[in-house]
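The values are calculated or read from the model by the stated rules, or taken from the named source; none is laboratory data. Everything quoted here is computed from the prediction, not taken from an experiment. Every residue, glycine among them, receives a Cβ derived from its backbone with ideal geometry; neighbour counts consider all protein chains shown. Ligands, DNA and RNA are excluded from the accessible area calculation, which covers all protein heavy atoms including side chains. Shrake-Rupley method; radii C 1.70, N 1.55, O 1.52, S 1.80 Å.
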Amino acid sequence: MTNALSDNAQKIPVVILAGFLGSGKTTLLQQWLQWSLEEGMKPAVVMNEVGEVNLDGQLLPEDVAMTELLNGCICCSMRGDFSLKLYELVQSERPDIIYVECTGIAQPMELVDSITEISLYSDVILNHIVTLADASHLAAMLEEGEKPNRKLMNLLQEQVRAAQLILVNKADRVNEAQLEAVQRQLRAWNAQADMLVTERAAIDRSRWLDALRTGDAPTEQEAKPGCASGHHAHETVTVWTRAIPQAVDSERFERWLLGQPSNVYRAKGIVTFTDTTKRYMFQYAYRATEFVPIMPQGEVEDVIVMIGEQMDVAELERSFRDICQ
């Protein structure tokens, strides 16, 4: 079977499709599923709807495995359900790639947190976040004299900030001045992401392949002896994953976590300490740590996953090697 993701056979990449209701997510998903099938891949989909019926799911190919989350948002009240559904999908279908189409009210950073948590005990890895912005909708929100809904504007900003690829969709519904204003606003929120102006969410197939390849494993030069690692230096959201090769001192480890800069939002993982016989599941968020003793079932390696914005991966590598010694 041919596979567009040639360098990451052990991990199943997850691509998040974010954006407001009606921005074109399902249209984009249909195209990407078709291309996945044509490449000989086995795609799967997690679809989230706020209502009781998933109408968009009826538009997808019948031979694509799909799991549904209805009556809620996967980034907040349904996070536990999302984690479970994603894990079950991986175990039952063993897909080559998973697309997550989230409801228009979802905040991608919360999904990033859930996916990285699942990656601790399952063969998934966050690969790419694509945010679709409805040009006509955003232009109306930016029009002089119209007071935008602050909550909606903040939500859209969060969706844009998390993206590696922004599609300014439905560009045919605005004039040139409106389109320029929309692009300026999107760039103010995220200056690093790739941005494409689209109609009907149509992009070149090569850009789809680029999105899939973003999560490739590090090269031999990036992999450090004695500490297997991988990082995904998305220009805005950075997810850094590192195997912990040996037991570490608990006080040094906690000091290292608490000493992370403010652009490190969260960290989690499993660790073994030299000064105790127990293994721990740990979490770091908002300048606080939590360690819970665990007895993992099966073979589960010690690992750390960090999430942040524009993290200094080289400095993380250096400081982590120090506490591994």
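Scanning the range 312-322 for residues that are surrounded by 13 or more Cβ atoms within 10 Å (Cβ to Cβ) and farther than 18 Å from Phe253 by Cβ yields Asp312, Val313. Taken together, the residues in the range 213-248 that are assigned to a strand (DSSP E or B) and either modelled with pLDDT of 50 or more or out of contact with any Cys (no Cβ under 8 Å at 6 or more places or on another chain) (or both) amount to 13.
Restricting Gln260, Gln283 to those that are assigned to a strand (DSSP E or B) and without any contact (Cβ under 8 Å) to a residue 60 or more places away in the chain reduces the list to Gln283. Note on the range 277-309: residues that are under 16 Å from Ile323 (Cβ atoms), touching a helix residue (DSSP H, G or I) at 6+ places or on another chain (Cβ under 9 Å) and not aliphatic (A, V, I, L, M) amount to 5.
Taking (1) surrounded by fewer than 22 Cβ atoms within 10 Å (Cβ to Cβ); (2) farther than 30 Å from Ser92 by Cβ; (3) at pLDDT 85 or above in turn, Trp208 satisfies each apart from (2). Of the residues examined, Ala191 is one that is over 18 Å from Gly22 (Cα atoms) and either open to solvent by less than 60 Å² (accessible area, probe 1.4 Å) or outside any helix (DSSP H, G or I) (or both).
The single residue among Glu251, Glu301 that is loosely packed, with under 13 Cβ neighbours inside 10 Å and either at pLDDT below 90 or of a type outside the set (Val, Ile, Thr) (or both) turns out to be Glu251. All of (1) part of a strand (DSSP E or B); (2) modelled with pLDDT under 85 hold for Ile270 with one exception: (2). Against the criterion of being farther than 22 Å from Ser206 by Cβ, basic (Lys, Arg) and either modelled with pLDDT under 90 or surrounded by fewer than 17 Cβ atoms within 10 Å (Cβ to Cβ) (or both), Lys11 qualifies.
Whenever a residue of the range 78-107 is at positive phi, its partners that are open to solvent by 20 Å² or more (accessible area, probe 1.4 Å) and at pLDDT 70 or above, lying with C-beta atoms within less than 9 angstrom and at least six residues away or across chains, give the pairs Arg94/Lys42; Arg94/Asp123.
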